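Each remark here refers to the structure printed beneath this line.
The values are calculated or read from the model by the stated rules, or taken from the named source; none is laboratory data. Just so we're clear, the structure is a prediction, and the values are computed from it rather than from any experiment. Glycine gets a Cβ as well: all are built from the backbone with ideal geometry, and neighbour counts include every protein chain shown.
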Amino acid sequence: MNNRTSFALLAVLTAVGTLTISSAYATEHYPAACVGCSMEDARAIANEMLLESIPVSVWTDKTDYGHNDMIMVTGQVANVSGFPITVTVVSPLNSLVTIDQLTVAEDGSFETTISTAGAMWKYDGTYTIKVNYGSAEKSNSAKVELTGGVEWIPNYSIPTIEAPIECGADDITVGDQCIPYSISGGMVTGATLNSGDNGSIIISINAEEDGTLTINPETTVIDGIFMVLVDDEQWDDVEIVGNKVTIMFPAGAEQIEIFGTYVIPEFGIIAAMILAVAIISIIAISAKSRLSIIPRY
């Protein structure tokens, strides 16, 4: 065999090897062509590819429910990492309805049922089912509509013009309230109140490293603190002593939400004083009325 023939044979073998490797690479990284598939099969393959690209997905068996139904919640994670799924439900009033943790199956699926019976579900409207899988980036939500219950009508009033509240350097300004706090490993960038039963204080932070946030609100602001979420995930690294709360947060945390059995609405100090005077007046009148009916001898 001469040199020209040897080079030609080597070129053919190289080309065949390259085609074989390319075919194997394509088979590994791209799905096989669905020859002769129906439209339903094509949709199923597309949905499967979509689920594999989304960190966590969630859906319900339907979108509309009554106030004594069961919501079937199903979901899928793209990569199983050993974390539980945290499920929270928020009402149309933006208050927490329920919270739960689910175990993820080996195939990445998870499911649960949620009952819409009970006082926390009494209002009609859109309820948001949120899921979180280990970090704030791996989250998703589904919305359902409840009908046949109580219609929520906001009780709006004309706001009272008041002088702005000036809080100290060691206070968080929330509406017209000043809440004492201290923080290490980051800084507080803002705070808001969700008022009412099972309301909360939402504190935005910029955490450059692992740190600690301590707040000590008055019981007139929030009372009965019972739970803390860090970036929408239930947090156990918390110390609660009376109304003083200390939260150990990780680097990169952005939001801390503190729940109490009751949180005051964001009304002004003047409105609170008027309410207090009215209560004292009622008590005084009631006491005077009781004295007037005591028989005299």
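Annotations for the structure displayed:
- Every residue from the stretch 226-241 that is closer than 16 Å to residue 192 by Cα and assigned to a strand (DSSP E or B): 228, 229, 230
- Looking only at residues of the stretch 202-226 that are modelled with pLDDT under 90 and of a type in the set (A, V, I, L, M), we find that the one that is nearest to residue 96 (Cα to Cα) is 225.
- Unmet requirement for residue 129, which otherwise passes all of (1) surrounded by 14 or more Cβ atoms within 10 Å (Cβ to Cβ); (2) more than 29 Å from residue 192 (Cβ to Cβ); (3) modelled with pLDDT of 95 or more: (2)
- Any hit, the stretch 21-39, residues being at pLDDT 55 or above and among the acidic types (Asp, Glu): no
- Residue list for the stretch 210-228, restricted to those being aliphatic (A, V, I, L, M) and free of Cβ contacts under 8 Å to residues at least 40 places away in the same chain: 225, 228
- Residue that is surrounded by the fewest Cβ atoms within 10 Å (Cβ to Cβ), among those in the stretch 220-246 that are of a type in the set (D, E, K, R) and more than 21 Å from residue 88 (Cα to Cα): 239
- Residues of the stretch 137-167 that are surrounded by fewer than 15 Cβ atoms within 10 Å (Cβ to Cβ), aliphatic (A, V, I, L, M) and at pLDDT 75 or above: 150, 153.
- As a summary of the residue check, residue 284 satisfies the conditions (1) surrounded by 13 or more Cβ atoms within 10 Å (Cβ to Cβ); (2) more than 27 Å from residue 134 (Cα to Cα); (3) modelled with pLDDT under 90 except for the one numbered (1).
- Selection count where residues are within 16 Å of residue 249 (Cα to Cα), over 16 Å from the mean Cα position of the chain (by Cα) and among the acidic types (Asp, Glu), scope the stretch 181-235: 3
- Test: residue in the stretch 251-273 that is modelled with pLDDT under 90 and more than 27 Å from residue 165 (Cβ to Cβ): no
- In the stretch 106-126, the residues that are more than 14 Å from residue 88 (Cα to Cα) and charged (D, E, K, R): 106, 107, 122, 124
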